[in-house]
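Here's the structure, in structure tokens; my notes come after.
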Amino acid sequence: MATTPTALSDSPTRHLDTGTDKMLAHVKDGVGWMTFNQPNKRNAVSFDMWTGIASIIKDFSSSDEVRVIVMTGAGDKAFVSGADISEFEEKRSTPEQIKIYEANSADAHEAITTLEKPLIAMIRGFCIGGGLAIALSADLRISADDGQFGVPAAKLGLGYGYGGIKVLMNLVGPSMAKEIFFTGRRFSAEEAHDMGLINRIVPVDQLESSVTELAQMISANAPLTVQAAKAAVNEGVKDPADRDLDAVAAMVKACFDSEDYKEGRAAFMEKRKPQFQGR
């Protein structure tokens, strides 16, 4: 694992071996970039990609040089369009195969949803079904103005569990969650923004630069403070009986006990930019 550079902006690019060319990952200037790379299938997620996701997130989680993570889709057609159904006959047709496949995808979802570092979804084009579920696991969603969002479960006869609907409802409210599921239609980026599904819309040609600027702004801040804030919000949207407020309090105390708190105070008094180390 690389050590934290003195200046994140001077750090070299580090590319990860993800085990598949369908998942790309690199680290630059404190930001870990994860790309779903199957543009010919609108970045539908295959079995190998689920494995790659878990591997990438594990690396980013344990690396001091990564302070923010961005996930995006290759090409200009889609963020992620769901699971790669074309491989189901080969990978998901017997009870044993189904068990292995579901365990693999569950590991990937677990890695993303338990991630302590901030996660940004950078979205172009289709963000539909399972792709929207992946985007919802991010802390922030930034979409190009060509983004399209929806859950077509009602058009396919699929059931959708409480957990996935609750995540959506926390963002858009009960009424809009019902409209999304009842109609199964696609919503424009503007509609998605109006309902609170995405944080921001930017022109297509400014998407990457806008997300990079946002990610680097976050990465320059005190990592422990950012992680404590993420934990507090995540606990806040849980049912009261499930909240671990003691864990949040411990993270807040760790901020006040940290070297970064000393550095932040010193930088303020000296009128300079702080150099946080995450400890």
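Any read-out appearing in this document is the output of simple, stated calculations on the displayed coordinates, not a laboratory observation. Just so it is clear, the structure is predicted and the values come from calculations on it, not from any experiment. A quick note on method: Cβ atoms are made from the backbone with ideal geometry, for glycine too, and the neighbour counts reach across all protein chains shown.
Some points to look at:
- Looking at the range 77-227, the DSSP beta bridges with both ends there are about 15 percent antiparallel.
- Selection from 216, 261, 172 lying farthest towards where the dipole of the chain points positive, charges on Cβ: 172
- Shape of the range 124-279, Cα gyration tensor, a/c cut at 1.5: oblate
- The range 44-160: proportion of alpha-carbon pairs further apart than 22 angstrom, %: 37 percent
- Computed packing ranks the peptides 49-61, 183-195, 253-265 as 49-61, 183-195, 253-265, most packed first, by mean other Cβ atoms within 10 Å.
- FRET E, pair residue 13, residue 217, Förster distance 22 Å, beta-carbon r, rounded to 0.05: 0.65
- In the chain, the DSSP-assigned H stretches of four residues or longer account for a calculated mean residue ellipticity at 222 nm of -14500 deg cm²/dmol, using -39500 (n - 2.57) per stretch and the full residue count as denominator.
- Qualifying lysines (Cα of each under 20 Å from Cα of residue 230; at least 8 residues distant if same chain): 58, 117, 166, 238, 253
- Taking the average, over residues, of other Cβ atoms within 10 Å as the packing measure, peptides 132-142, 11-21 rank 132-142, 11-21 from highest down.
- Cα centre as origin, Lys/Arg/Asp/Glu Cβ charges: the chain dipole, Debye: 380 debye
- Highest-first arrangement of 163-171, 30-38, where packing means the average Cβ count within 10 Å: 30-38, 163-171
- Relative contact order for the chain, counting Cα pairs under 8 Å that sit 6 or more residues apart, in percent: 15 percent
- Reach of residue 77 by Cα under 18 Å, taken over lysines that are not fewer than 8 positions away in the same chain: 22, 41
- Cα-centred dipole magnitude for the range 223-270, charges only on beta-carbon of K, R (+1) and D, E (-1), debye, nearest 20: 100 debye
- Candidate cross-link partners of residue 155 among the lysines, defined by an alpha-carbon separation under 18 Å and a same-chain spacing of 8 or more, comprise 178.
- Dipole magnitude for the range 22-177: about 360 debye, using +1 per Lys or Arg Cβ and -1 per Asp or Glu Cβ, origin at the Cα centre.
- DSSP beta bridges in the chain [antiparallel fraction, %, rounded to 5]: 30 percent
- For the range 223-270, the spread of Cα positions along each principal axis, largest first, Å: 44, 15, 13
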